[in-house]
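The values are calculated or read from the model by the stated rules, or taken from the named source; none is laboratory data. Remember, it's a predicted structure, so these values are computed and weren't measured experimentally. Don't worry about glycine lacking a Cβ; one is built from the backbone with ideal geometry, like all the others, and counts go over all protein chains shown.
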Amino acid sequence: MAQSACAAGGHPAAPGGAHDLRSVDGDRDVHRDLGDLPFWWLVLDPRPYPLARVKQGYRILMLTFVMVPMMLAGAVLGLSRHDLYPVYGICGRFASVSALTDQQIGGLIIWIPGTVFLVSIALIVLRRILLQEHAAQAAHGSASVL
């Protein structure tokens, strides 16, 4: 039963599972990355609003809508006291780490570095907002002098 559960999930411990896992993961990663490109283009577009499709404030809001669920999911996984994925415990272990510990480490990785990354992007967007406002004020000030 454990072998069939692991083989269905493409687990490397299952016979032939490592090959299946690599091809499925590679395809999934490429499709995920291509699907993420429009989001990141909207958020990181350096142009001001009339040229860009999204206002700067909405970019921060988009990042918030991504950040909050990710933080909550990472916190739930990282702070959980029981295994939330019982099937994961059935499949073979790569290292001598329990399924619960592995789940908690994964949750902390999702929670902390993921949040730091998104906050960094939000700070970049905020910096662009300030620079664009400063440039607009400078242009408006020089136009009024003439």
Residues of the stretch 72-116 being small (Gly, Ala, Ser) and in contact (Cβ under 8 Å) with a residue 60 or more places away in the chain, in sequence order, are 92
Scanning the stretch 94-117 residue by residue, those buried (at least 16 other Cβ atoms within 10 Å of the Cβ) and more than 16 Å from residue 83 (Cβ to Cβ) turn out to be 110, 111, 114, 115
The residue that is nearest to residue 125 (Cα to Cα), considering only those in the stretch 10-51 that are part of a loop (DSSP other than H, G, I, E, B), among the hydrophobic types (A, V, I, L, M, F, W, C) and at pLDDT below 80, is 13
Original post:
Of the residues that make up the stretch 117-140, is at least one polar (S, T, N, Q), part of a helix (DSSP H, G or I), in contact (Cβ under 8 Å) with a residue 60 or more places away in the chain and within 24 Å of residue 60 (Cβ to Cβ)?
Top reply: yes
Going through (1) buried (at least 16 other Cβ atoms within 10 Å of the Cβ); (2) aliphatic (A, V, I, L, M); (3) closer than 30 Å to residue 65 by Cβ one by one, residue 136 fails only at (1)
Only one of (1) surrounded by fewer than 15 Cβ atoms within 10 Å (Cβ to Cβ); (2) within 17 Å of residue 132 (Cα to Cα); (3) among the charged types (D, E, K, R) does not apply to residue 81, and that is (2)
